[in-house]
Amino acid sequence: MNSTDNVVLIGPGWPFKGGIASHTTYLYRALRDLGPTLFISLRHQYPRWLYPGGDDRAPDNLTLYEQDAQRLLAPLSPLSWWTGARVIARARPHCIVIPWWHVFWTPMVWSLLLLLRRRCPAARIVFLVHNTVGHEEQRFARLLARAVLRRGDAWIVHARSEQRTLQALLGARAVHYQPHPAYPLGDREAPDRADARAQLGLADAPTLLFFGFVRHYKGLDTLLHALALLRPTLPCQLVVAGEIWGDAGVWDTLITELDLCEQVRLENRYIAEEDIAIYFACADLVALPYRSATGSGVVRMAHSHGRPVVVTRCGALPDAVVDGVTGYVVPAEDPAALAAAIAKFFDGTPRQPMEQAARDAAGTEDWHQLARTILANERSTP
């Protein structure tokens, strides 16, 4: 790349696991469509032992590699930061886009910014902030996040609550809000509900979906207790589609104690991109019973598949769901309220209007619009 009109995107892309890698990959494709873009990706995201199964890469999805991504950076390798900065400087970028979601990245991003400010003084730094601090982090994390993020020139968030948090952290600097884009459904037609359930070996019965990594802050225990409350009148089946962080036996024990063994399917594995559609197709309602959150790409994913979502009143989740229209909003850590919302959904009222409203909500934003917002912000004056 020799043009002086280049964009550089730094971050994880497929085949790494998790929503940030998916988001960064889709963003890269949109930026590339709009102009020359250099994708500086990672050799690995975190130490692999932190991940369920000891691997930070999704299996069997080599087709999802971006072949022109340069996989240079490692979060704990200063030599890789120096190499990455040198490659970026050769591209002579006018804009450097950095996703931010966890203070684990503080040493790498801080060091890159020091190097790039010297080597690319004309380049503007645009932070795309998913979480100012992580879901379970404390005061010290806020200090680290502030030290890094205040070195940017522009900031974009997907949630109004995160916009307020970041503005409070940065002071008077403006933070731009841009809704989360809808996830494309791909070329393959998703099966209908009954076929999806048959393919997954599920009964053709009311079905809830909990999708994504299973971690404490996501509140699966609240959902299980809600199911136990519903069992006498509405024996729903629940599919938990995602890898479990920590001891899976904890969940097996809770499911047994609540007498839910016949109702809960634990798919303790990472769901590859090409398999996502069938899990949303099998569900009637998607549940995000988080006890803490900034936002979640799962809401957009569910709406893209025409599935309503029940979320808790924390972080930006209520901003993403119109209560009673595209899903339901309930208090966090309240199994009775969650059970009541689920029962209301399955009370016999036709669900097609809510499913269509979910699709309509997902279709209002796309990845090219996000890319254009980033480019507009990098051109604005500080």
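Of the residues that sit in the stretch 138-176 and are surrounded by fewer than 16 Cβ atoms within 10 Å (Cβ to Cβ) and among the aliphatic types (A, V, I, L, M), which one is nearest to Ile374 (Cα to Cα)?
Ala174
Give Gly363, Gly324, Gly348 a once-over and let me know the one that is surrounded by fewer than 23 Cβ atoms within 10 Å (Cβ to Cβ) and closer than 22 Å to Thr25 by Cβ.
Numbers: Gly324 fails: closer than 22 Å to Thr25 by Cβ; Gly348 fails: closer than 22 Å to Thr25 by Cβ.
Gly363 is the lone residue from the list that is surrounded by fewer than 23 Cβ atoms within 10 Å (Cβ to Cβ) and closer than 22 Å to Thr25 by Cβ.
Find the strands (runs of 3 or more DSSP E) located wholly in the stretch 278-357 whose residues include 1 or more that are more than 17 Å from the chain's Cα centre (by Cα) and either over 22 Å from Asn131 (Cβ atoms) or acidic (Asp, Glu) (or both), and list them.
285-288, 327-330
Is it true that Arg197 is surrounded by fewer than 21 Cβ atoms within 10 Å (Cβ to Cβ) and of a type in the set (D, E, K, R)? Reasoning before the result, please.
Details: surrounded by fewer than 21 Cβ atoms within 10 Å (Cβ to Cβ): no; of a type in the set (D, E, K, R): yes.
So Arg197 fails the test.
Which residue pairs have Cβ atoms under 8 Å apart, sit 6 or more places apart or on different chains, and have a first residue in the stretch 23-36 that is assigned by TED's automatic domain parsing to the domain that holds Leu375 and a second that is in a helix (DSSP H, G or I) and of a type outside the set (A, V, I, L, M, F, W, C)?
Matching pairs, first to second residue: His23/Gly297; Ala30/His368; Asp33/His368; Leu34/His368; Leu34/Arg372.
Here is a check on your reading of the model: is Gly212 surrounded by fewer than 16 Cβ atoms within 10 Å (Cβ to Cβ), out of contact with any His (no Cβ under 9 Å at 6 or more places or on another chain) and on the phi > 0 side of the Ramachandran plot? Reasoning before the result, please.
Values: surrounded by fewer than 16 Cβ atoms within 10 Å (Cβ to Cβ): no; out of contact with any His (no Cβ under 9 Å at 6 or more places or on another chain): yes; on the phi > 0 side of the Ramachandran plot: yes.
Taking the combined requirement at face value, the residue does not satisfy it.
In the stretch 246-276, what count of residues is obtained for those that are hydrophobic (A, V, I, L, M, F, W, C) and outside any loop (DSSP other than H, G, I, E, B)? Outline the logic, then answer.
We begin by selecting, within the stretch 246-276, every residue hydrophobic (A, V, I, L, M, F, W, C); these are 248, 250-251, 254-255, 258, 260-261, 264, 266, 271-272, 276.
Next, from what is left, pick out any that are outside any loop (DSSP other than H, G, I, E, B): 248, 250-251, 254-255, 264, 266, 276.
Count: 8.
Among the residues of the stretch 232-244, are any touching a residue at least 60 places away in the same chain (Cβ under 8 Å), surrounded by fewer than 20 Cβ atoms within 10 Å (Cβ to Cβ) and not in a loop (DSSP other than H, G, I, E, B)?
No, every residue in the stretch 232-244 fails to be touching a residue at least 60 places away in the same chain (Cβ under 8 Å), surrounded by fewer than 20 Cβ atoms within 10 Å (Cβ to Cβ) and not in a loop (DSSP other than H, G, I, E, B).
Inside the stretch 7-37, can you point out the residues that are modelled with pLDDT of 90 or more and assigned to a strand (DSSP E or B)?
Answer for the stretch 7-37, where residues must be modelled with pLDDT of 90 or more and assigned to a strand (DSSP E or B): Val7, Val8, Leu9, Ile10, Thr37.
Evaluate the stretch 171-192: report whether one residue or more is closer than 29 Å to Asp360 by Cα, at pLDDT 90 or above and assigned to a helix (DSSP H, G or I).
No, the conditions are met nowhere in the stretch 171-192.
Identify, from the list Thr349, Thr312, Thr373, Thr326, the residue that is closer than 30 Å to Asn6 by Cβ and among the polar types (S, T, N, Q).
Values: Thr349 fails: closer than 30 Å to Asn6 by Cβ; Thr312 fails: closer than 30 Å to Asn6 by Cβ; Thr326 fails: closer than 30 Å to Asn6 by Cβ.
Among Thr349, Thr312, Thr373, Thr326, only Thr373 is closer than 30 Å to Asn6 by Cβ and among the polar types (S, T, N, Q).
Out of the residues in the stretch 331-345 that are free of Cβ contacts under 8 Å to residues at least 40 places away in the same chain and within 28 Å of Thr165 (Cβ to Cβ), which is surrounded by the fewest Cβ atoms within 10 Å (Cβ to Cβ)?
Pro331
The values are calculated or read from the model by the stated rules, or taken from the named source; none is laboratory data. All of these numbers come straight from a predicted model, not from anything done at the bench. Quick reminder, even Gly has a Cβ in these numbers, built from the backbone with ideal geometry, and neighbours come from all protein chains shown.
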